[in-house]
Amino acid sequence: QVQLVESGGGLVQPGGSLRLSCAASGNAFSIYALGWYRQAPGKQRELVAAITSGGTTNSADSVKGRFTISRDNAKNTVYLQMNMLRPEDTAVYYCNAWRGPVSYWGQGTQVTVSS
């Protein structure tokens, strides 16, 4: 069993930066692939960025060059560095850990980009 707790969300002006963190409890954190998803009001949840257990990353076209996902297995934490934020990045951001058919979700953290 893995429990995920996100933090770092908040209100930021367009062009600003935030770093989201997702701390995991439980065993074998390093074997899980990890991802950040987001869901804006009235829209489906979408993948923002992901990182495999081996450290390979991918991200959505809409955030390429602006967002970076990373993980620290020693701290059981995955991060999402978000730069050059836009109003359309406003959403609840969720952390996900998965391996095969097993998947865990955090409770989400709100990110609001507004002047």
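The values are calculated or read from the model by the stated rules, or taken from the named source; none is laboratory data. Because the structure is predicted, anything quoted here is derived from the model rather than measured. Note: ideal-geometry Cβ built from the backbone for every residue, glycine included; neighbour counts use all protein chains shown. With ligands, DNA and RNA removed, areas are computed over all heavy atoms of the protein, side chains included. Shrake-Rupley method; radii C 1.70, N 1.55, O 1.52, S 1.80 Å.
In table form, for the structure just shown:
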read-out: Checking residue 13 against (1) open to solvent by 60 Å² or more (accessible area, probe 1.4 Å); (2) at pLDDT 95 or above; (3) of a type outside the set (A, V, I, L, M); (4) more than 17 Å from residue 91 (Cβ to Cβ), the condition it does not meet; value: (4)
read-out: Residue identified as farther than 16 Å from residue 112 by Cα and polar (S, T, N, Q) among 90, 68; value: 68
read-out: Matching residues in region 81-102 - criterion: being closer than 19 Å to residue 70 by Cα and either part of a loop (DSSP other than H, G, I, E, B) or free of Cβ contacts under 8 Å to residues at least 12 places away in the same chain (or both); value: 83, 84, 85
read-out: Restricting region 31-58 to residues that are in contact with a Ser or Thr (Cβ under 8 Å, 6 or more places away or on another chain) and in a loop (DSSP other than H, G, I, E, B), the residue that is nearest to residue 92 (Cα to Cα); value: 40
read-out: Test: residue in region 9-30 that is in contact (Cβ under 8 Å) with a residue 60 or more places away in the chain, of a type outside the set (A, V, I, L, M), in contact with a Lys or Arg (Cβ under 6 Å, 6 or more places away or on another chain) and part of a strand (DSSP E or B); value: no
read-out: Selection status of residue 72, out of contact with any Ser or Thr (no Cβ under 9 Å at 6 or more places or on another chain) and open to solvent by 80 Å² or more (accessible area, probe 1.4 Å); value: no
